[in-house]
Amino acid sequence: MHRDRIAKACEPIPLVELRKRCKILVIDDEEASFPTAALKNDGYTIDWWPRVDADGLARLESGQFDLIILDIQDIAEPGLSDTGDGLGVLRRLKEANPDQVVVAFSGREFDLSAVPFWRLADDAIRKPVTFIDCKAKLDAWISECLDPAIQWRRLEQRLLANNIGPLTLRRVEGTIVRAARSRQQINRDRFKTLIGNVDDLDTIVSWGQRLAWLLSLLS
Amino acid sequence: MPRKQKKAIEHRVVSVADVNTWGKRVDQLAVLFDAAVDEGVDEALGMFHDVLTTFSALIRNTEEWVSTQPGASRDKQLGALRPIELTVVKTVELLRARIALMPLVANPAAASFGRKRRTPIYRTCDRLVRILSPEASKRNIGLELRGSSYNEPDCYDSLDTIPLVLLDNAIKYSLSRQPIDIAINDGPGGGQVTLEVTSISPVIAGVDRARMFDKGYRGTVAAKVASRGSGLGLYLAQTVATAHGTTIRHRRKESTFRKDGIEYAENTFRVIFG
C-alpha cells in the first residue's frame, strides 16, 4: 500500500512531544479568559497576544503558528481589516492561507451578527472555558495538525478528487518522502509534471510541502 | 372604542394618500421600535458578556486553587479537598454548564458552532452526574448511572445541553427520595448511543405532552411542583438534538400514585446519538 511509506517515514510521536512542537497562539484582549499560563506549565508551546497589528498579521499570514485561538472583539488594530474585529482578521488569514487552523474563541454566541465568525473558523471554544476542556480541544487539533497520516489522507482525498490514479499517488507520496528526507522544498514544476495542471495545483503543492516539513520534523 | 366616537367616524371617507401616510408612519414606528428593542437587547447582552469575563476569572482562580492541592492528577487533587470545598468546585462547574445554555436562547444556530468530534457520551454524563449530585442530594435523590457504552458518535460541544437539561428537570420534578435512573447503552444501530433518563415525576399528558418542547412553555402541573422554571430547558435540549440530527422522545408508564393532588408516573426521556 502506498500509504505505508508515509507511516514508515516516522515513528508515532507521543502527545507529550507533539504538544511541545505545535506552536499555538491565543489572541484575546482579556488574558484571563484562556488558561494560557496553566497550559504552558503543562508542556504546551503557547503564546498570548492581546491584539493584532499590521506586523503581527504579517507573521500570522506567513504561517508561523500551527494553531490560532482567536477572539472576535477588541483584538484588531484599527484599519487592519474590513470589519475591524476578529472576523476581518479571520477572513484575511483564510485568504492568505486557507489551511491555517483558526479556532473561534468568544462568549458572543448570542450575537447573530457574529455567526459568520463562528462559521468561517475551523472550530469553536466558548467562553468561559475550563482548563480541561481547553486541553481536550487543543490535543485533538495538535494530533491532527501534526499527524502525517491524517495530513496525507487529506491530501490523498484532494488528489483523488482531481482524478489522480493510484500509480501517480505512489509517485506523489515518494516525492514527499524524498523531500522530507533531504529537507528540501518540493518543486512545484515537478508536482505539475506528476499530476498535471489541475485547478487545485497550488493547494496540493502547499499541502505536500507542509506534509514534507512535518515528516522532516518528526522523523 | 366608545360608542360616541364610533358614531362620529362612521361613514367618514378617507383618501388613499392619507392611508398611505398612515402606513408609512406605522413602518417608521416599527423601525424605531425595533431599534429600541435592539438597543435594549444589546445592552443586556453586553452586560452578559461582562458577567462572562468575571466568571472566566473565577474559573481560572478555582483551577489554580485546585492545582495547589496535593496529588499528581486533578482527580487526586479534587480528592484532597474538604467536602465543602469540593461542593464549591462542583458549583462553579455547574454554573458554567448552565451559563453555556443562555446564548442558545438568543441564537439557536449556536448549537452547531464548532466542529463535531468523537464524544464519549458515557463520560460526559458521568461528569454531569457528579456536578449535579449536590443538587440531587438536597432532595435526597440518588442519580444512578448505568449501562455500557463504548461508541463515540460525532457531536458538537453543545451536546452537554441535552443530558444537563434532562437531569436538571428530573431532579427538579422528581419525587424526593426516589432514584433517577440514567441508562446509556450502545445501539440501536452501529456507532449509535442511546441515553434514557427515567424518574418518578408528575404525569405529562395531553396539551402538556404536546407542547413540552415549545419555547417558554411550562406544564400546568410544573408550576405546582417546582416554583422556579423558565420553560426553556426542554426547548433548548430539543434545539441541540435537532442540530445533531436526532430527537428527544418522551414516554411514560401509567400513573403510579397520587400525592398532594398530583398524579405521578414513571417518565422516560430518550435520545439516540450518532
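What residues have an amide H closer than 5 Å to that of A:E30, excluding those fewer than 5 places away on the same chain, when H is modeled at 1.01 Å from N in the peptide plane?
Under 5 Å from the amide H of A:E30 lies no amide H from a residue far enough along the sequence or on another chain.
Run the accessible area of region B:140-274 with a 1.4 Å probe and give the carbon-and-sulfur part as a rounded percent. It would help to have the intermediate numbers written out before the result.
Working: 2860 of 6280 Å².
Looking at region B:140-274 in its full context, I get 46 percent from C and S.
Under a 1.4 angstrom probe, counting protein chains only, how are B:K4, B:K172 ranked by accessible area, largest first?
On the way: B:K4 180, B:K172 40 Å².
Output order, biggest surface exposure first: B:K4, B:K172.
Give me the accessible area per residue for region A:88-215, probe 1.4 Å, as a whole number in Å². Write out the running numbers ahead of the final one.
On the way: 5590 Å² over 128 residues.
Per residue, region A:88-215 has an accessible area of 44 Å².
Per residue and in cubic angstrom, what volume does the convex hull of the Cα atoms of the protein assembly as shown have?
On the way: hull volume 117.4 nm³, N = 493.
It is 238 Å³ per residue.
What number does chain A give for Rg over Rh if you use C-alpha atoms and the Kirkwood radius?
Result for chain A is an Rg/Rh of 1.00.
In degrees from 0 to 90, rounded to the nearest 10, what is the angle of the helix A:86-96 Cα long axis to the longest principal axis of chain A?
That works out to roughly 20 degrees.
Would you mind getting the accessible area per residue of chain B, heavy atoms of the protein chains only, 1.4 Å probe, in Å²?
Result: 57 Å² of accessible area for each residue.
So, with a 1.4 angstrom probe, what is the percent of accessible area on chain A that is carbon and sulfur?
Values: 4850 of 10020 Å².
C and S atoms contribute 48 percent here.
I need to check one value: relative contact order of region B:144-274, counting alpha carbon pairs closer than 8 Å and at least 6 residues apart, in percent.
Numbers: 238 pairs, mean separation 37.3, N = 131.
With pairs under 8 Å counted, the relative contact order is 28 percent.
Could you work out the relative contact order of chain B, using alpha carbon pairs under 8 angstrom and six or more residues apart, expressed as a whole percent?
Working: 355 pairs, mean separation 39.2, N = 274.
Rounded, it is 14 percent for chain B.
Given a 1.4 Å probe and the protein chains all in place, what does the accessible area of B:C125 round to, in Å² to the nearest 10?
Answer for B:C125: close to 0 Å² accessible.
Quick one: putting +1 on the C-beta of Lys and Arg, -1 on the C-beta of Asp and Glu, what dipole do you get for region A:5-148 around its Cα centre, in Debye to the nearest 20? Don't jump to the answer; show the numbers that get you there.
Numbers: 18 positive and 27 negative charges, 105 e Å.
Using only the charged Cβ atoms, the result is roughly 500 debye.
Efficiency by 1/(1 + (r/R0)^6): what FRET value for B:K116 and B:D208, r their Cβ-Cβ distance, R0 = 35 Å, to the nearest 0.05?
Working: r = 33 Å, r/R0 = 0.95.
Once the sixth-power term is evaluated, E becomes 0.60.
Shape call for region B:39-165 from the C-alpha gyration tensor, a ≥ b ≥ c root eigenvalues: rounded (a/c under 1.5), prolate (a/b greater than b/c) or oblate? If you can, show how the numbers build up before the last one.
On the way: a/c = 1.70, a/b = 1.19, b/c = 1.43.
Verdict is oblate for region B:39-165.
Mind grabbing the interface size between A and B? I mean buried accessible area, both sides, 1.4 Å probe, in Å² to the nearest hundred.
Numbers: alone 11290 and 16830 Å², together 25570 Å².
Accessible area lost upon association: around 2600 Å².
Quick one: if you take sqrt(5λ) for each eigenvalue of the C-alpha gyration tensor of region B:157-274, what semi-axes come out, biggest first, whole angstrom?
Details: eigenvalues 114, 54, 29 Å².
In descending order, the three semi-axes are 24, 16, 12 Å.
Which angle from 0 to 90°, rounded to the nearest 10, does the C-alpha axis of helix B:16-67 make with the longest principal axis of chain B?
Roughly 20 degrees between the two axes.
List the relative contact order of chain A as a percent without decimals, with contacts defined as Cα pairs under 8 Å and 6+ residues apart.
Across chain A, relative contact order equals 21 percent.
In bins 5 Å wide, starting from 0, what share of all Cα pairs of chain B does each bin hold, as a percent?
1, 5, 9, 12, 14, 14, 12, 9, 6, 5, 3, 3, 3, 2, 1, 1, 0, 0
Would you kindly work out the equivalent ellipsoid of region A:14-112 from its C-alpha gyration tensor and give its semi-axes, the square roots of five times the eigenvalues, largest first in whole Å? If you can, show how the numbers build up before the last one.
Values: eigenvalues 102, 52, 28 Å².
Result for region A:14-112: semi-axes of 23, 16, 12 Å.
Sorting B:L86, A:L160 by accessible area (1.4 Å probe), largest first, what list results?
Numbers: B:L86 50, A:L160 90 Å².
These residues rank, largest area first, as A:L160, B:L86.
What's the FRET efficiency of B:T68 with B:R130 using the Cβ-Cβ distance as r and R₀ = 22 Å, to the nearest 0.05?
Rounded to the nearest 0.05, the efficiency is 0.55.
On a full-extension model of 0.36 nm per residue, what is the gain between B:L81 and B:T21, subtracting their alpha-carbon distance, rounded to one decimal in nm? If you can, show how the numbers build up before the last one.
On the way: separation 60, 0.36 × 60 = 21.60 nm, distance 7.08 nm.
14.5 nm is the gain from fully extending B:L81 to B:T21.
Structure shown: which of A:K192/B:K116; A:K127/B:K116; A:K20/B:K90; A:K23/A:K192; B:K215/B:K253; B:K172/B:K215 lie over 27 Å apart, alpha-carbon to alpha-carbon?
On the way: A:K192/B:K116 35 Å; A:K127/B:K116 18 Å; A:K20/B:K90 31 Å; A:K23/A:K192 31 Å; B:K215/B:K253 25 Å; B:K172/B:K215 18 Å.
Pairs exceeding the cut-off: A:K192/B:K116; A:K20/B:K90; A:K23/A:K192.
How far is it, in nm, from the label point at B:R12 to the one at A:K20 when both lie 7 Å from their Cα along the line to the Cβ?
8.6 nm
Kindly provide the Kirkwood hydrodynamic radius of region B:129-203 in Å, to one decimal, from all pairs of distinct alpha carbon atoms.
Details: mean 1/r = 0.0760 Å⁻¹.
It is 13.2 Å.
The values are calculated or read from the model by the stated rules, or taken from the named source; none is laboratory data. Here the structure is a predicted model, which means the values were calculated and not measured. Here Cβ is always computed from backbone atoms with ideal geometry, including for glycine, and neighbour counts include all displayed protein chains. All accessible areas refer to the heavy atoms of the entire protein, side chains included, with ligands and DNA or RNA removed. Shrake-Rupley method; radii C 1.70, N 1.55, O 1.52, S 1.80 Å.
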